[in-house]
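Please read the structure below before turning to the comments.
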Amino acid sequence: MPLIRGHHSFDDHFAQIPNSWLRDSRLTLEARGLLAQIMSHRPGWNLSVRSIAHQNAIGKDKVKRILDELLTHGYLERSEKQGKDEQGRMTSYDYITRDPEPVAVTPRADKPYTADRPTKNTIPKNTNPLEEQTKETIIAFDEFWEIYPRKLGKGEAQKAFEKAVNRHGLDVIMAGVRCLASDPNLPDPQFIPRAATWLNGERWGDDPYPPKQPSGADRFLKPPAEIPDARAWVKQMHEMGEHFECRPGEFDCK
């Protein structure tokens, strides 16, 4: 269930979240905390129930209950139609933050509320949404690199990772690499494509590896390059324009 931070009128006026949102007495402390966490991201940043639950060490049911509370009080709105995945199957609804209806404030008898209280003489925080996004992407890539089963070409892999996340979302990439790493039929590392090749080819959508076949004793005596079709996948990637695995002169590759 994607949760999307929408654009708000105060985004360009230095404040990250209005004080009235954090002081809304209708909300529980949990709801205010999650709302603040959502608004700490730039407009358009996608969050999932699973990622929120993992970051806060709580269950997904509790996250959904808090989201329902924010939806009830007008801080979230739900999309009219359910989303679809790449196979056309129905998924969950999208939830987008929105500006709630103003809440009437009742003045206190001992200390009347004044709408035009002078602001504190504070220095505005120098926040840069792009820097925050970059930090989050770097942290996510470190986790991806730790999981990916072949550690080769880290620099090019990080560039490919950033492009893939921007196009398909972090959850899709991380779910794909975890599925790859846990495949019981995963071949030896030299037969696994580099991370950059895997990302650029959108290989997270590939079928799992076929079951390993028993090999004869003579098969173990052959070097990997002489095993039939051992380089077939390299040729396939070569024809797609990816040359990370090509050897000099192989397939007329320069």
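The values are calculated or read from the model by the stated rules, or taken from the named source; none is laboratory data. The shown structure was predicted, so the numbers you read here are calculated from the model rather than taken from an experiment. FYI the Cβ positions are ideal-geometry reconstructions off the backbone, even for glycines, and counts take in every protein chain you see.
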**Request:** State all residues of the stretch 148-189 that are among the aliphatic types (A, V, I, L, M) and touching a Leu at 6+ places or on another chain (Cβ under 8 Å); if no residue qualifies, say none.
**Result:** 157, 160, 164, 173, 180, 186
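Just to be sure before I move on: is residue 138 over 18 Å from residue 50 (Cβ atoms) and of a type in the set (A, V, I, L, M) in the structure I sent?
The answer is yes for residue 138.
Yes or no, residue by residue, for (1) in a loop (DSSP other than H, G, I, E, B); (2) on the phi > 0 side of the Ramachandran plot; (3) at pLDDT below 80:
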{"site": "197", "(1), (2), (3)": "no, no, no"}
{"site": "204", "(1), (2), (3)": "no, no, no"}
{"site": "208", "(1), (2), (3)": "yes, no, no"}
{"site": "244", "(1), (2), (3)": "yes, no, yes"}
**Fill in**
Out of (1) in contact (Cβ under 8 Å) with a residue 40 or more places away in the chain; (2) small (Gly, Ala, Ser); (3) closer than 22 Å to residue 93 by Cα, the one residue 36 does not meet is (1)
